[in-house]
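One structure is given below, encoded as structure tokens.
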Amino acid sequence: MAIAPLIFCTIVTGISHARDAAKIGRVALKALLYFECVSTLALGVGLGVANLVGPGRGFRAAPEEPAVQRYTTQAANHSSRDFVLHIIPDTAVGAFADGDVLQVLFFSVLFGFAMMRLGDRADGVQKLIDDVANIMFGVISIIMKAAPIGAFGAMAFTVGKYGVSSLGSLFAAVLVFYLTAACFVCVVLGSIAACARFNLFRLLNYIRSELLIVISTASSEAAMPSLLAKLENLGCSKPVVGLVVPLGYSFNLDGTNIYMTLATVFISQAMGVDLSFAEQFKILVVAMLTSKGAAAVSGGGFITLAST
């Protein structure tokens, strides 16, 4: 219901803000290259850790045979050529009506680049899309207020069907995710910060209030306004901050990327399905696309994972 317009708004906003790239040139290109490399690395780390640790092994969840048969039949009739062609929607409205994430992404990228080419003439449309994005963030926030009820029902169903022992596997999955995310921050981002000659932990201490907001709300969206102000106070150029931060919110959600691949492999292990290297590579490629629409709101990563 909400994910398609949310993806559209965040992707279009991120790309259209790149109109300022003519002024900051190399910074914008470096930012996009960095986002792609690091977010792809995060996806790979999630896959690697899930295969190495295997948090879903021993869960012994029996798959629903009719559902499996339905998806197996669809996969058999869906070639790589069909997959690529399916990315292109028959109509722009159809992509949103069907809720197809890849089709919405495709249209959003085209729309964003078209707005970027229009320059100042697209200011009115961009303001409208920004307002719609804020509304959709509000919709997701309202929906996620019911998330504890949904989580309670899901946990109750899981324990009732698979036994209390299933909680061990679920706890292991959560623990593995947080440990992986912490290691990613310390090792990967710490190394990048060292190469850029600044101390990552001093920066984290500087934005600690924003981090607390993110932890308490499970959303990085709430911390964005104050984060922009603090970066400008540090001496970062306002055009650079205005471009890089919104782009990063759409194109560089490393935590979401780790979660998406780790959760996918966890589910396959819990179902007793062995994924080949080729199948995991396909998951990586698809997640590279869909994760770009995982907006930075509470549950955005989960919603995109479910939609994918």
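The values are calculated or read from the model by the stated rules, or taken from the named source; none is laboratory data. None of these values were measured; they are calculated from a predicted model. We place every Cβ from the backbone using ideal geometry, glycine too, and count neighbours over all the protein chains shown. All accessible areas refer to the heavy atoms of the entire protein, side chains included, with ligands and DNA or RNA removed. Shrake-Rupley method; radii C 1.70, N 1.55, O 1.52, S 1.80 Å.
In this structure, does ILE143 turn out to be without any contact (Cβ under 8 Å) to a residue 12 or more places away in the chain, farther than 15 Å from SER16 by Cβ and open to solvent by 50 Å² or more (accessible area, probe 1.4 Å)?
No.
Give me the residue from the range 229-269 that is of a type in the set (S, T, N, Q) and over 13 Å from MET288 (Cα atoms) and, out of that set, modelled with the lowest pLDDT. Spell out the reasoning first.
Going residue by residue through the range 229-269, those that are of a type in the set (S, T, N, Q) are 233, 237, 250, 252, 256-257, 261, 264, 268-269.
Next cut, over 13 Å from MET288 (Cα atoms) only: 233, 237, 264, 268-269.
Numbers: ASN233: 86, SER237: 74, THR264: 84, SER268: 82, GLN269: 81.
The extreme case among them is SER237.
In the range 101-140, which residues are free of Cβ contacts under 8 Å to residues at least 60 places away in the same chain and within 26 Å of LYS282 (Cα to Cα)?
GLN103, PHE106, LEU110
Yes or no, residue by residue, for (1) surrounded by 12 or more Cβ atoms within 10 Å (Cβ to Cβ); (2) modelled with pLDDT of 90 or more; (3) closer than 18 Å to THR256 by Cβ:
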residue: MET155; (1), (2), (3): yes, no, no
residue: SER169; (1), (2), (3): yes, no, no
residue: ALA173; (1), (2), (3): yes, no, yes
residue: LEU203; (1), (2), (3): yes, no, no
residue: ARG208; (1), (2), (3): no, no, no
residue: LEU211; (1), (2), (3): yes, no, yes
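Starting from residues that are at pLDDT below 70 and in contact with a helix residue (DSSP H, G or I) (Cβ under 8 Å, 6 or more places away or on another chain), keep the ones in the range 28-67 and report whichever is farthest from LEU179 (Cα to Cα).
The extreme case among them is ALA28.
What number of residues within the range 124-140 satisfy the criterion of being under 12 Å from LEU6 (Cα atoms) and among the small types (Gly, Ala, Ser)?
Adding up the residues that qualify gives 2.
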